[in-house]
Amino acid sequence: MAPSAPASAPVQKLSDNDVQAIDELRTTYDRLRKELSRVIVGQQDTIERLAICLFARGHALLMGVPGLAKTLLVSKVAETMSLKFSRIQFTPDLMPMDITGTDILQETDTGKREFQFVAGPVFANIVLADEINRAPPKTQAAMLEAMQEHKVTVVGKMFKLDAPFLVLATQNPVEQEGTYPLPEAQLDRFMFLIEVDYPNEQEEIQIARTTTGDELPQLVHLMTGEDVIRHQHLVRRVPVPDHIYSYAAKLVRKTRPNGSTAPAWLKPLVAWGAGPRAVQNLILASKARAALHGSYMVRLEDLQEVASPVLTHRIITTFTAQSEGIDARKIVRRLIEETATDEA
C-alpha cells in the first residue's frame, strides 16, 4: 500500500497588528509611486520591482541602454526614504579598496601617527554600482561579498554594513568592449534582473517637458531607515499557502534540462537552469509584492508576476536557442503558462 501524502500545513494567519502594518505599507507604497512620478515619467514596473527588492532584502541588476534615468530613479528612491545613497562608477582600473575603503596613516591629536580606517562608498543604505561589468573580477568579487555577507573585510578586519542595505547594479547591453561579464554564479546573487525599456511616445514628450526646466522638484521623505527595516520584517511574516511553495519548486525544477520534470521542448534550448536560490527568491519576492498590494497572503498572481525577473538571468541558453532567436525571457514565459495550466 502506497504511503499517503503528508497533510498540508495550515496557513498561519497574520496578527491584527500585522494586518494594520500591511495596510500602512500599501498606503506608503502608493504615496511613493505618486511622489516618484513627479520626477520619473513612466517606469511603473521598474519602481515596483525596486520596491520589492528593497523590502525583500534582495539586490537587483538593472539592464538598459544609457539615458533611461536608471541612476536618477535609484537616487530619488533613496531620497524619498531618507536613506544614504552612494554611486560607484565601475571602471577597468577600479580596485577593491576604492569600494570598501582602506587604512590610511593619519596623525592623531596627541601627535602620534596611526592607521585609521576610511570607509568607502559601499558604506551606504542604497548603493548604485554603475556599469558593474566594466570592473575586473577582483573588484566585482569585493562588491559581491558585501552584497552577500553585508560586511567587508579590509586588512584582516571586518566591518559591518548598516541596514537596510540594497545594491542596484547596472549593465549596458549594447557596449561590450572592455567589459568583464558577471559569471553565472555571481548573477545568482541578484534577486531580480530588471530590464528597463524605452518609454512610449507620450512618456518621452513628458520627459522632455519635465527635465528641461530650471530644476527638478524636491521629493517628500516618506519613511526612515527604521521604517524600512520594520517593513522588511513584516514581509517575512506574510503567509504562503502550500500550493504556492509547490508551484515555485515545480517552476524552478522545470528550468533544469537534465531534470526529469523538464519539458522536452526546453532541453535543447537550455544549457543550465536555476538553482535553489531561485525558489527562495520567488517566495520572498512574492511575499513583498503581496504586502505592497495590500494582500494578507501570497497569491499565485504574485508569484507569476515576479517569476520573470527572478528566473531570466538564472537560465543559460544554448547556441541552438540563440540561433533561433529564443532568449531566456521567452522560455520563462512559456514555463509560467504551462505550469499555471498544470496547477489549474
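The values are calculated or read from the model by the stated rules, or taken from the named source; none is laboratory data. Small disclaimer: the values here were computed from a predicted structure and weren't measured. Note that we place each Cβ from the backbone using ideal geometry, even for glycine, and neighbour counts take in every protein chain shown.
Worth a mention:
- A search for C-beta distances below 6 Å between a residue of segment 238-253 that is over 14 Å from LYS287 (Cα atoms) and any residue that is surrounded by fewer than 16 Cβ atoms within 10 Å (Cβ to Cβ), counting only pairs 6+ apart in sequence or on different chains, returns TYR247/GLU343; ARG253/GLY259; ARG253/THR261.
- Here the condition is being buried (at least 20 other Cβ atoms within 10 Å of the Cβ), hydrophobic (A, V, I, L, M, F, W, C) and either under 12 Å from LEU94 (Cα atoms) or at pLDDT below 85 (or both); of ALA119, ALA142, it holds for ALA142 alone.
- Taking segment 313-332 as the range and being out of contact with any helix residue (DSSP H, G or I) (no Cβ under 7 Å at 6 or more places or on another chain) and among the basic types (Lys, Arg) as the test, only LYS330 passes.
- Looking only at segment 256-266, residues that are out of contact with any helix residue (DSSP H, G or I) (no Cβ under 9 Å at 6 or more places or on another chain) and either in contact (Cβ under 8 Å) with a residue 60 or more places away in the chain or surrounded by 14 or more Cβ atoms within 10 Å (Cβ to Cβ) (or both) come to 2 in all.
- Filter pass, ASP327 being of a type in the set (Asp, Glu) and buried (at least 22 other Cβ atoms within 10 Å of the Cβ): no
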